[in-house]
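Data block below; observations after.
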Amino acid sequence: MNDAQVKMATRELNVYYGEHRALQDVSIPFYAHQVTALIGPSGCGKSTYIRCLNRMNDLVPNSRIEGEVYLDREEIYSTSMDAVELRRRVGMVFQKPNPFPKSVYENVAYAPRIHGLARKGTEMDQLVETSLRKAGLWEEVGDRLSLPATSLSGGQQQRLCIARALAVEPEVLLMDEPASALDPIATQKIEDLIYELKSRLTIIIVTHNMQQASRVSDRTAFFYMGEVVEVDDTQTLFTRPSKKQTEEYITGRFG
Amino acid sequence: MDPNSLKRTRMRYRSERRFKLYCAMALVLAGVFLVIFFADIISKGYPAFWQAQIKVDVSYTQDVKELPFLAVGEDVSELISRSWFRQLPRKLNEHPELIGTTRSKWVLADGAVDQYLKDKPNGLDKEQKNLVDRLRNQDRTKLAFNTYFFTQGDSKLPESSGIFSAAVGTVYVMIVTMAFSLPTGVLTAIYLEEFARDNWLTRAIEVNINNLAAIPSILYGLLGLAIFINYVGIPRSSALAGGLTLGLMSLPVIIISSRAALRAVPDSIREAAFGVGASRWQVVSHHVLPMSLPGILTGSIIALAQAMGETAPLLLVGMMAFIPEAPSGFTDAATVMPAQIYTWSSAALRPYAERTAAAILVLLAVLILLNLTAVFLRKRYERTW
């Protein structure tokens, strides 16, 4: 399994917030068309880490990054890579559904429009429909695209956010606890969706829910106190963890 | 229940009732003052909207062009406003066909007659009073709607003075204030809130802006006098000088309220936009600004309403002046509504007192209208996320 192509990787990544070192020497490879789950107790640096992968952490005042992040062997913090272009290639879904306070259609059409990916009219209509279908939302909202996105249910809003991210055809999708604010049925839908999307892109997902990690991911990384304790195939990590800390965490003895 | 705890509970309820009573009393007190204030202003100002007129036979002769007083009988001529006589020669020049005719007309009465008809202290002597009484019995006096109040500028004759020039001046001043402070304030707020890094410089600027909002407004008048009039050379008393001065004054308020409106947009929206690859300016112009616009407009309208009622800084740039003619440009000498109110309030003649109250009513109506607009905007575009 590990001979698959590496889509993204970090090498010795360190993040500082002022004097505080939030991540220490994190090196993880992410393989193409696989789902990698990042697990660990609150405050362990998972979210900080995933936000470094599309340079969202740049926006946090007083943060400083050392180390390297590669996308297809290209260093994303190098000057040749533009953060705006990077975020088109590496999409993101957030913990709380955050649709724009606009119509369903506008939410999906926004990113393709600013990147000039589709012309107004049928081309854009087509792209909106495709993206909503990919996110499994077309059946539910296809006939009310002009409705405000905020009138959808929480689960639908989150899938709309996924459709919005998919509309620019990213190569990697980052998901920061995408189901933590949803009920079990909506969570189930998101998980099914992750399974389907895997064939199109590389997915990195932060989750608090270990069952979820074991259900959806191919590989899992366990974070603790800003460090990566263990990275392995999900099945191996959950059945035969090589570190004691990992075992204690996944069996629920702490965290 | 144990009696001690029962007692404590009862005491807690009692102190709650007491506190509620204090609050209600404070509300009633504030309400009473408001009612007294409005009742006083309305009762004083309402008569000014009605103005005495007298019906007289006007004979247009050739001599009237030189001596307008000859147009009416000698006895009633002192009951008629001098402003009416003044416009006679011009009228005859424009309409020469009137010469040689005599017409019965309602003409504007002198201010003292007006006050006498309204049962207020006046300067009429006994003979004049008798004359007015006689006219009244013949139905040759009336209180008609006071159009002069809305169409005339200030005048040394109270009966023909109005708020027109002050209202036009206020419009000009507000245009300047808005054109200067709205873009400057909103752009400053956007820069501080969305672009600037959080360092000692921006923090120092922020503290200074907050302090500027609390500075006595007369100091802005001094600043305006020093910069706009003495240094830049903008004409004294002009709407431009006054508007820029008031603009300086409302700038901090607009900046602060705009920043608050921008900050009220949740970060999750910014993250969403950044997350799909929007540039910083796109995040601001496509998402943050449209969402915060109602808040920005509300704050700006309130700042402008405040500027509209401001008098002290205008004192120093020379706008507290007798301006009979409405300004026709931004550099003409102008006055504003609150300045007009102040000028009238210190005038000696009695009819000015009711005009003062009437002008206050007009100003209050405009301000209430502006504030209602702000409330309407907030309600109409308020969104929850």
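Being without any contact (Cβ under 8 Å) to a residue 60 or more places away in the chain, open to solvent by 70 Å² or more (accessible area, probe 1.4 Å) and of a type in the set (A, V, I, L, M, F, W, C) holds for only one residue in B:Leu131, B:Leu187, and it is B:Leu187. Residue count for the range A:30-66 satisfying the condition of being open to solvent by 40 Å² or more (accessible area, probe 1.4 Å), more than 30 Å from B:Val284 (Cα to Cα) and touching a strand residue (DSSP E or B) at 6+ places or on another chain (Cβ under 8 Å): 1.
Show me the helices (runs of 4 or more DSSP H) found entirely inside the range B:75-143 where at least 3 residues are over 15 Å from B:Pro158 (Cα atoms).
Working: elements: B:82-86, B:88-94, B:111-117, B:126-137.
The helices (runs of 4 or more DSSP H) meeting that bar are B:88-94, B:126-137.
In the range B:243-262, the residues that are assigned by TED's automatic domain parsing to the domain that holds B:Thr170 reach residues that are aromatic (Phe, Trp, Tyr) with C-beta atoms within less than 6 angstrom, at least six apart or across chains, in these pairs: B:Leu244/B:Phe180; B:Leu244/B:Phe228; B:Thr245/B:Tyr220; B:Gly247/B:Phe180; B:Leu248/B:Tyr220; B:Met249/B:Tyr220. Being touching a Pro at 6+ places or on another chain (Cβ under 6 Å), at pLDDT below 90 and assigned to a loop (DSSP other than H, G, I, E, B), is that true of even one residue in the range A:140-156? The answer is no, given that none of the residues of the range A:140-156 is touching a Pro at 6+ places or on another chain (Cβ under 6 Å), at pLDDT below 90 and assigned to a loop (DSSP other than H, G, I, E, B). Scan the range B:234-254 for residues that are open to solvent by less than 10 Å² (accessible area, probe 1.4 Å) and among the aliphatic types (A, V, I, L, M) and report the count. Number satisfying all stated conditions: 4. Restricting attention to the range B:1-42, the residues being open to solvent by less than 70 Å² (accessible area, probe 1.4 Å) and either in a loop (DSSP other than H, G, I, E, B) or of a type in the set (Lys, Arg) (or both) number 0.
Considering only the range B:121-146, state which residues are in contact with a helix residue (DSSP H, G or I) (Cβ under 8 Å, 6 or more places away or on another chain) and of a type in the set (Lys, Arg). Listed by number, the residues that qualify are B:Lys129, B:Arg136.
If a residue has to be assigned to a helix (DSSP H, G or I) and either aromatic (Phe, Trp, Tyr) or within 21 Å of the chain's Cα centre (by Cα) (or both) to count, how many in the range B:230-251 make the cut? Total meeting the criteria: 14.
Considering only the range A:68-85, I want to know if a residue exists there that is of a type in the set (Val, Ile, Thr), within 12 Å of chain B (Cβ to nearest Cβ) and without any contact (Cβ under 8 Å) to a residue 24 or more places away in the chain.
Within the range A:68-85 (the criterion being of a type in the set (Val, Ile, Thr), within 12 Å of chain B (Cβ to nearest Cβ) and without any contact (Cβ under 8 Å) to a residue 24 or more places away in the chain), the answer is yes, since at least one residue qualifies.
For first residues located in the range B:316-344 and over 22 Å from B:Gly233 (Cα atoms) and open to solvent by 20 Å² or more (accessible area, probe 1.4 Å), partners that are modelled with pLDDT of 90 or more and assigned to a strand (DSSP E or B) and lie 6+ apart or on another chain with Cβ distances below 6 Å do not occur. Suppose the filter is surrounded by fewer than 18 Cβ atoms within 10 Å (Cβ to Cβ) and within 14 Å of chain A (Cβ to nearest Cβ); does B:Leu367 pass it? For B:Leu367, the condition - surrounded by fewer than 18 Cβ atoms within 10 Å (Cβ to Cβ) and within 14 Å of chain A (Cβ to nearest Cβ) - is not met. Pairing residues of the range B:269-296 that are farther than 15 Å from A:Asp82 by Cβ with residues that are open to solvent by 40 Å² or more (accessible area, probe 1.4 Å), at Cβ distances under 6 Å and at least 6 apart in sequence or on separate chains, gives B:Pro294/B:Arg378; B:Pro294/B:Tyr381.
Checked across the range A:134-151, the condition of being open to solvent by 10 Å² or more (accessible area, probe 1.4 Å), in contact (Cβ under 8 Å) with a residue 24 or more places away in the chain, touching a Lys or Arg at 6+ places or on another chain (Cβ under 8 Å) and more than 13 Å from every other protein chain (Cβ to nearest Cβ) holds for at least one residue. Here the strands (runs of 3 or more DSSP E) wholly within the range A:192-246 that include at least 2 residues being of a type in the set (Asp, Glu) and modelled with pLDDT of 90 or more are A:227-233.
Entry remark, the range A:160-181: residues being in a strand (DSSP E or B) and more than 10 Å from chain B (Cβ to nearest Cβ) number 3 in total.
Residue check: is B:Val171 open to solvent by 70 Å² or more (accessible area, probe 1.4 Å), under 29 Å from the mean Cα position of the chain (by Cα) and either over 20 Å from B:Glu74 (Cβ atoms) or basic (Lys, Arg) (or both)? Step through it out loud before you land on a result.
Numbers: open to solvent by 70 Å² or more (accessible area, probe 1.4 Å): yes; under 29 Å from the mean Cα position of the chain (by Cα): yes; either over 20 Å from B:Glu74 (Cβ atoms) or basic (Lys, Arg) (or both): yes.
So B:Val171 passes the test.
Are any residues in the range B:46-83 among the aromatic types (Phe, Trp, Tyr) and either open to solvent by 30 Å² or more (accessible area, probe 1.4 Å) or out of contact with any strand residue (DSSP E or B) (no Cβ under 9 Å at 6 or more places or on another chain) (or both), and if so, which ones?
Filtering the range B:46-83 down to residues among the aromatic types (Phe, Trp, Tyr) leaves B:46, B:49-50, B:60, B:69.
Selection gives B:Tyr46, B:Phe49, B:Trp50, B:Phe69.
The set of residues in the range B:314-350 being over 19 Å from B:Thr177 (Cα atoms) and charged (D, E, K, R) consists of B:Glu325, B:Arg350. Residues satisfying the criterion are absent from the range A:187-200 (criterion: open to solvent by less than 90 Å² (accessible area, probe 1.4 Å), more than 15 Å from A:Ile162 (Cα to Cα) and among the β-branched types (Val, Ile, Thr)).
Against the numbered list (1) surrounded by fewer than 21 Cβ atoms within 10 Å (Cβ to Cβ); (2) closer than 28 Å to B:Thr331 by Cα, B:Lys120 comes up short only at (2).
Listed here are the residues, each with its yes/no results for (1) open to solvent by 70 Å² or more (accessible area, probe 1.4 Å); (2) among the β-branched types (Val, Ile, Thr); (3) facing chain B (nearest Cβ under 10 Å).
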{"residue": "A:Lys96", "(1), (2), (3)": "yes, no, yes"}
{"residue": "A:Lys102", "(1), (2), (3)": "no, no, yes"}
{"residue": "A:Ala111", "(1), (2), (3)": "no, no, yes"}
{"residue": "A:Leu117", "(1), (2), (3)": "yes, no, no"}
{"residue": "A:Glu123", "(1), (2), (3)": "yes, no, no"}
{"residue": "A:Leu127", "(1), (2), (3)": "no, no, no"}
{"residue": "A:Thr130", "(1), (2), (3)": "no, yes, no"}
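If you scan the range B:212-229, which residues turn out to be outside any helix (DSSP H, G or I) and surrounded by fewer than 15 Cβ atoms within 10 Å (Cβ to Cβ)?
B:Ala214, B:Ile215, B:Pro216, listed by residue number.
If you go through the range B:50-68 and keep only what is touching a residue at least 40 places away in the same chain (Cβ under 8 Å) and assigned to a loop (DSSP other than H, G, I, E, B), you end up with just B:Tyr60.
So, B:Trp344, is that one at pLDDT 90 or above, outside any loop (DSSP other than H, G, I, E, B) and more than 17 Å from B:Ala167 (Cα to Cα) or not?
Working: at pLDDT 90 or above: yes; outside any loop (DSSP other than H, G, I, E, B): yes; more than 17 Å from B:Ala167 (Cα to Cα): no.
No: the conditions fail for B:Trp344.
The values are calculated or read from the model by the stated rules, or taken from the named source; none is laboratory data. Since the model is a prediction, treat every value here as computed from it, not as a measurement. Neighbour counts run over all protein chains shown; Cβ positions are idealised from the backbone, glycine included. Only protein heavy atoms, including side chains, enter the accessible area calculation; ligands, DNA and RNA are left aside. Shrake-Rupley method; radii C 1.70, N 1.55, O 1.52, S 1.80 Å.
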